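Worksheet: the structure to be examined is printed underneath.
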Amino acid sequence: HVLENNEGLLDRDFKTYQPFFEAFNISCGVDLLDPEAQVVYCLKKDINQLFLRTMLEGKLDEVLGETVVIVDEVDDLVVNENPNTNYAKADSERTPDLKKCFAALRNDEILMPRGVQSAKIWEEAQRAVKESAKRVEGVDYRVLEQDGKPTAVMLVDGAIPKVHRTAQWLSYINYKLGAIEPVAESPFATVCTPYVFNKYRGIFGLSGSVGGQAE
């Protein structure tokens, strides 16, 4: 697995080195689930998804235990990144109530809407709206065009993280932008980068700034 920093570098390096690997009859791809690919160029989010899938299937050691990961730009991808990535899943039972609460708050209503089953959801929505008012575009989030719609993306230290973050205040901003329908979420899993990498047979790191204490 060749772990790249971003999609642009992934596309460039894959196109550059695919002929090299093919010259040695080594199959090369960009899909971690492709059983025929011996060398796979991928992003951090792809490895996280593979980790979750194989962990749930009980095949984690089997899949990663015979694989070497090559980390390009190790300082950016590992040293400077948060080691934990938290994942959430959609909560189908709470989502309709969250939509009603966001709609009411957007209209400056102060009473919990009729039909909302839980006062806790109303309180969570109120906190999300208050928090969204404190957030600054360009500092806490950036508005990009995705699928032809303006979409707010959370920033971490002024940059878009390798794995996109979510929060209810961000969900409310996107709701106001008309980009994404609000979805109530429940915690699903936490992926710890050091734990994932230790499951590999070996790790090979590449960096243009070797010598720092963290590295």
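Of note:
- Cross-link reach is defined here as a Cα-Cα straight distance under 21 Å, omitting same-chain residues fewer than 8 places apart; for Lys89 the lysines meeting it are Lys44, Lys45, Lys99, Lys100, Lys120, Lys162.
- Couplings 3J(HN,Hα) of segment 4-20, computed from phi: 9, 7, 7, 5, x, 5, 4, 4, 5, 5, 4, 5, 6, 9, 4, x, 4 Hz, in residue order, whole Hz [Karplus 6.51 cos²θ - 1.76 cosθ + 1.60, θ = phi - 60°; x for Gly and Pro].
- Note on the chain: GNM, Cα springs under 10 Å; of Lys99, Lys130, Lys199, the largest mean-square fluctuation is that of Lys130.
- Net charge contributed by nearby residues that have their C-beta within less than 14 Å of Ser92 (K/R +1, D/E -1): -2
- Computed over neighbours whose Cβ is under 15 Å from that of Gln38, the net charge equals -4, Lys and Arg +1, Asp and Glu -1.
- Listed values for segment 138-143 are Karplus-derived 3J(HN,Hα) couplings in whole Hz (6.51 cos²θ - 1.76 cosθ + 1.60, θ = phi - 60°), namely x, 10, 9, 7, 10, 9, and x replaces Gly and Pro.
Just so you know, all these numbers are worked out from the coordinates, no wet-lab data involved. This is a predicted model, so every value here is computed, not measured. A quick note on method: Cβ atoms are made from the backbone with ideal geometry, for glycine too, and the neighbour counts reach across all protein chains shown.
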